[in-house]
Amino acid sequence: MQNIVSPPNRTSHYGLARGRGQLDPQIPASRLVTRLKLLRNTLRPTPHVQLAVKGMNLFAKLEYVNPVGSIKDRAAYWILTRAAERGEICEQTTVIESSSGNFAAALAAFTRLVGLRFIPVIDPNISGAYESFLRRICPTVVKVEDRDDTGGFLKSRLQKVKELCATIPNAYWTNQYGNLDAMEAHYELTATEICADFDSLDYVFIGVSTAGTIAGVSRRLKEHYPNVRVIAVDAEGSAIFGGAPRKRHIPGVGSSIVPPLLSHARIDDIVLISER
Ligand SMILES: Cc1ncc(COP(=O)(O)O)c(C=O)c1O
């Protein structure tokens, strides 16, 4: 396995307290790791389908085929497994995360399957289907109601995560915005699948929110296809590439912060999409 990043700095994740993940000497850590690794079998390569567009060979990667329904399954699986391997989480851990939907759903399903507690921190923009899914399988769901200074909810959610991590014993914040394991998930999983299916690539278009996908995929594709151009797809009203944040409605693309993982991405151009 190729290393793409130096060992992550695990003390400065957005200034929030990370869970200590202390191991109970009675329970071998490997049991949790083994259970998590069994989930690897559910992450089958997702298909690339050709779209009927004249004059170009355009393909879409169908990430909704992932087991819980989105690309976020990959980061959730990888972050939990890596944290367990390092002994940062154990069976007593309560996983905590801020999410507008997909990542929380992935964490909820995977933590439930391996027997970990999980508290999602959500906001009123979450879809009804996701909220009821989370409330069905997580004993505690925290929903922030106050908008932050950008008019969105992300900073309010992160503040709530900070409070929960400070008060809940053995809390572990997965930090999808800055966790290098999210980037590694896409370097190792998503991009490996792309490299296996295409002899050459001219352009790749990647939606950006936490930037984990574009960081991992762009790094791997630039190694494999030296001439590929990586185009970041962001939403109008997102702050990721320096715009002033304003109210947005499409979940999963855009952000009201500049995610720390963005600095790891290799981006040639940016396309802003309108929500109208
Ligand atoms: C298909 C797809 N690509 C990219 C992204 C953005 O992912 P990231 O948060 O890793 O930037 C999402 C987010 O949900 C997505 O659904």
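Taken together, the values in this text are just the output of simple stated rules run on the coordinates, not laboratory data. What you are looking at is a predicted structure, and each value in this text was computed from that prediction instead of being measured. For neighbour counting, all protein chains shown are included, and Cβ atoms are generated from backbone atoms with ideal geometry for every residue, glycine included.
Okay, here's what the table says:
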| read-out | value |
| --- | --- |
| Point-charge dipole on Cβ atoms (K/R +1, D/E -1) for the stretch 179-273, about Cα centre, debye to 20 | 460 debye |
| For the chain, built as a Gaussian network whose Cα springs stay under 10 Å, the top-fluctuating residue of ALA108, ALA196, ALA265 | ALA196 |
| Full-extension gain in nm, ALA129 to ILE168, via 0.36 nm per residue minus C-alpha separation | 11.3 nm |
| Cα pair distances exceeding 14 angstrom across the stretch 150-201, given as percent | 68 percent |
| Between helix 154-167 and the chain: long-axis angle, C-alpha atoms, 0 to 90°, nearest 10 | 30 degrees |
| Rounded Å value of the spacing that divides the Cα centres of the stretch 177-195 and the stretch 59-113 | 13 Å |
| Share of alpha-carbon pairs per 5 Å distance bin for the stretch 179-273, given as whole % | 3, 15, 25, 24, 17, 11, 5, 1, 0 |
| Surrounding net charge for ASN66, when Lys and Arg each add one and Asp and Glu each subtract one, Cβ distance under 13 Å | +2 |
| Under 26 Å from the Cα of LYS37 - lysines, other chains or at least 8 residues apart | LYS61, LYS72 |
| Net dipole in debye of the chain [+1 Lys, Arg Cβ; -1 Asp, Glu Cβ; about Cα centre; nearest 20] | 500 debye |
| Potential extension, GLU145-GLU85 segment - 0.36 nm per residue separation minus Cα distance | 18.0 nm |
| Interchain or long-range residues, amide H under 5 Å from LYS143's placed H | ILE122 |
| FRET efficiency, VAL49 to TYR203 (Cβ-Cβ, R0 22 Å, nearest 0.05) | 0.85 |
| Two-decimal ratio, the chain, of alpha-carbon radius of gyration to 2.2 N^0.38 Å | 0.98 |
| Taking TYR177, TYR187 and counting other C-beta atoms within 10 Å, the order from fewest to most | TYR177, TYR187 |
| Antiparallel bridges, percent of DSSP beta bridges restricted to the chain (to nearest 5) | 15 percent |
